[in-house]
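One structure below.
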């Protein structure tokens with residue numbers, strides 16, 4: 001009887017270790033600077049494709065487990081908030097008919113993000129990761145579709161083990177870090193003020 005109980009316990013641990021836990025990495029409302037003196041009176045847009053929004057990623061967690069999430073869908077609100085803190089109008093550019101949309105809305109620039117993420121944890125008991133990184137590659141095209149600005153940013157964060165089983169604190173902090181860097185770069189870039 002004891003052997004059966006031990007075997008069942010081992011099987012349960014193996015099954016749990018192979019799990020991929022769904023989480024949200026959406027940052028809370030970002031505390032971005034929105035000083036009227038640095039705002040740019042210009043309409044801009046960003047383009048995230050439907051395929052990007054649907055893309056699911058699986059990265060490492062604690063205890064041998066993994067987490068899964070949709071980075072573009074989860075981080076889109078952070079991108080929007082960041083652009084809206086700098087530019088007077090921000091639009092979501094549709095994948096189909098983008099050129100017509102850009103012309104109709106008189107967009108000065110269209111930002112196209114590429115997002116890569118990673119997570120890990122040294123905790124062997126809890127699955128929620130303690131370390132998270134967000135790498136953001138951003139290309140800005142002018143109204144004609146020509147790439148005129150490219151930057152790379154990396155946000156990293158570490159949090160204590162445990163916490164929410166739905167949201168990940170390290171992920172939210174890494175996202176806030178990367179979008180803070182993006183905002184600073186947008187404010188300091190003379191190109192957007194021409």
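Could you list, in sequence order, the residues of the range 73-92 that are under 16 Å from residue 51 (Cα atoms) and buried (at least 20 other Cβ atoms within 10 Å of the Cβ)? Those that are under 16 Å from residue 51 (Cα atoms) and buried (at least 20 other Cβ atoms within 10 Å of the Cβ): 74, 75. Using the structure shown, decide if residue 110 is in contact with a strand residue (DSSP E or B) (Cβ under 9 Å, 6 or more places away or on another chain), in a strand (DSSP E or B) and crowded, with 19+ Cβ neighbours inside 10 Å. Yes; evaluated as a whole, the condition is true for this residue.
Among the listed residues 160, 185, 170, 103, which satisfies the condition of being modelled with pLDDT under 95, assigned to a helix (DSSP H, G or I) and either more than 19 Å from residue 69 (Cβ to Cβ) or in contact with a strand residue (DSSP E or B) (Cβ under 7 Å, 6 or more places away or on another chain) (or both)? Being modelled with pLDDT under 95, assigned to a helix (DSSP H, G or I) and either more than 19 Å from residue 69 (Cβ to Cβ) or in contact with a strand residue (DSSP E or B) (Cβ under 7 Å, 6 or more places away or on another chain) (or both) holds for just one of 160, 185, 170, 103, which is 170. None of 121, 77, 85, 89 is touching a residue at least 40 places away in the same chain (Cβ under 8 Å), within 22 Å of residue 194 (Cα to Cα) and out of contact with any strand residue (DSSP E or B) (no Cβ under 6 Å at 6 or more places or on another chain) except 85. Against the test of being crowded, with 18+ Cβ neighbours inside 10 Å, assigned to a strand (DSSP E or B) and modelled with pLDDT of 95 or more, the options 67, 115, 48 yield a single qualifying residue, 115.
The values are calculated or read from the model by the stated rules, or taken from the named source; none is laboratory data. Keep in mind that this is a model prediction, so the values were computed, not measured. Every residue, glycine as well, gets a Cβ built from its backbone with ideal geometry; the counts of neighbours run over all protein chains shown.
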